[in-house]
Amino acid sequence: MTSQPRADKPAAADAEPVPLTRALRVWRGDKAGGALTDYAVPAHEGEVVLDVLHRLQATQANDLAIRWNCKAGKCGSCSMEINGRPRLACMARLSSLPDGPITVTPLRTFPVIRDLVTNVTFNYDWALQVRSFAPPDGLPPGQYRMAQADVDRSQEFRKCIECWLCQDVCHVIRDHDDAKPVYAGPRYFIRHAELDMHPLDAADRRDALRERHGLGLCNITKCCTEVCPAGIKITDNAIIPMKERSADQRYDPLGRVLRSWRRREGRPPAG
């Protein structure tokens, strides 16, 4: 007696993963005031905070205001505070957050426009006050030559995506409104460092950095470095070196003698 081959069991249809429900506490309001509002939103494995905020916006809170663009950690638009820490919503994985409600609030340092959108004009106003690249006289474009080591030195600073997280967490700006007119903040300290360390930049920005942009108010707590999504070592590689250069220019006695001697002899000033 021959046995009949057993038919294979039909493959089970791929079942869609069952979404979990995450509790969100989202700040809703405008410049007149607001409060945290509780929501329960479905969330899937691998998602980030921006995903659930978009789902919340699509299903429960159609008027929720969020600023975002690339969703790839490159544009810096979706900056907000998640569980009290300044972060990019597109880079904050739900799996990295503790169980329990996720609190989402706007950047505390800047005025609220609506919900999670803040007015960051402060930063762009300071951008206009940083002198741009100044090439040496007589060196036309196309003739710039630099050693790779010099390029590498300031390349780190060019990774800045202007998400303003460093500006938000800096306590000089965050807790002292009276400092805002005289303190540019860490984002512009690295801009100064990028230019000052450029081997072909002929401008001397140390006086402006010390006298008008408030470098001396920074007490190097490194909070800006801790929140930078680009991994820039703002304090160690930009702020501290610029403090040293600024102090050398103003307080180094030998430097004073050399500068005075150069002026008397009609020599060009030291760089």
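Taking amide hydrogens as placed 1.01 Å from N in the peptide plane, the amide H of Ile113 sits under 5 Å from those of Thr118, Asn119, each at least 5 positions away in sequence or on another chain. Seen from Asp51, the other residues with C-beta closer than 13 Å to its C-beta sum to a net charge of +2, counting Lys and Arg as +1 and Asp and Glu as -1.
Specify which labelled value, from (1) 27, 24, 18; (2) 50, 26, 15; (3) 34, 20, 17, agrees with semi-axes √(5λ) of the Cα gyration tensor in Å derived from the coordinates of the model shown. Of the labelled values, this structure produces (2).
Length gained on full extension, Tyr124 to Glu244: 40.6 nm, using 0.36 nm per residue less the C-alpha separation.
One decimal place: the segment Ala65-Val151 gains 26.9 nm when fully extended, by the rule 0.36 nm per residue minus the C-alpha distance.
The amide H of Val48, built 1.01 Å from its N in the peptide plane, has Leu94 as neighbours under 5 Å, considering only residues 5 or more places off or on other chains.
Net charge dipole, the chain: roughly 760 debye, given to the nearest 20, about the Cα centre with Cβ charges of +1 for Lys and Arg and -1 for Asp and Glu. From helices alone, the chain scores -8000 deg cm²/dmol at 222 nm; the rule is -39500 (n - 2.57) for each run of n ≥ 4 DSSP H residues, then divide by the residue total. Could you give the length gained on full extension between Val182 and Ala203, defined as 0.36 nm per residue of separation minus the Cα-Cα distance, in nm? Full extension of this stretch gives 5.5 nm more.
3J(HN,Hα) along region 147-160: 6, 4, 4, 5, 5, 5, 4, 9, 4, 4, 5, 6, 7, 4 Hz, from the Karplus curve 6.51 cos²θ - 1.76 cosθ + 1.60 with θ = phi - 60°, whole Hz, x for Gly and Pro.
Since only Gly34, Asn69, Pro98 are under comparison, the one whose Cα sits farthest along the positive direction of the charge dipole of region 20-119, derived from C-beta charges on Lys, Arg, Asp and Glu, is Asn69. The modelled label-to-label distance for the pair Asp175/Arg158, using points 7 Å beyond Cα in the direction of Cβ, is 3.7 nm. Taking Cβ separations below 4.7 Å as the criterion for a possible disulfide partner, the isolated cysteines in the chain are Cys78, Cys90, Cys160, Cys163, Cys170, Cys218, Cys223, Cys228.
For the residue pairs Lys180/Lys243; Lys74/Lys243; Lys31/Lys71; Lys159/Lys233; Lys31/Lys159, the alpha carbons lie more than 22 Å apart in Lys74/Lys243; Lys31/Lys71; Lys31/Lys159.
Considering only Ala92, Ala184, Ala58, the Gaussian network model of the chain with Cα springs below 10 Å gives its largest mean-square fluctuation to Ala58. How much FRET efficiency would the formula 1/(1 + (r/R0)^6) give for Lys31 and Tyr144, where r is the Cβ-Cβ distance and R0 is 35 Å, rounded to 0.05? Efficiency for this residue pair is about 0.15.
Working note: Karplus 6.51/-1.76/1.60 with θ = phi - 60° gives region 38-43 the couplings 8, 9, 10, 10, x, 9 Hz, where Gly and Pro are set to x.
Throughout, read-outs are computed from the coordinates displayed, never taken from laboratory work. Computed from a predicted model, the values in this text were never measured in an experiment. Glycine gets a Cβ as well: all are built from the backbone with ideal geometry, and neighbour counts include every protein chain shown.
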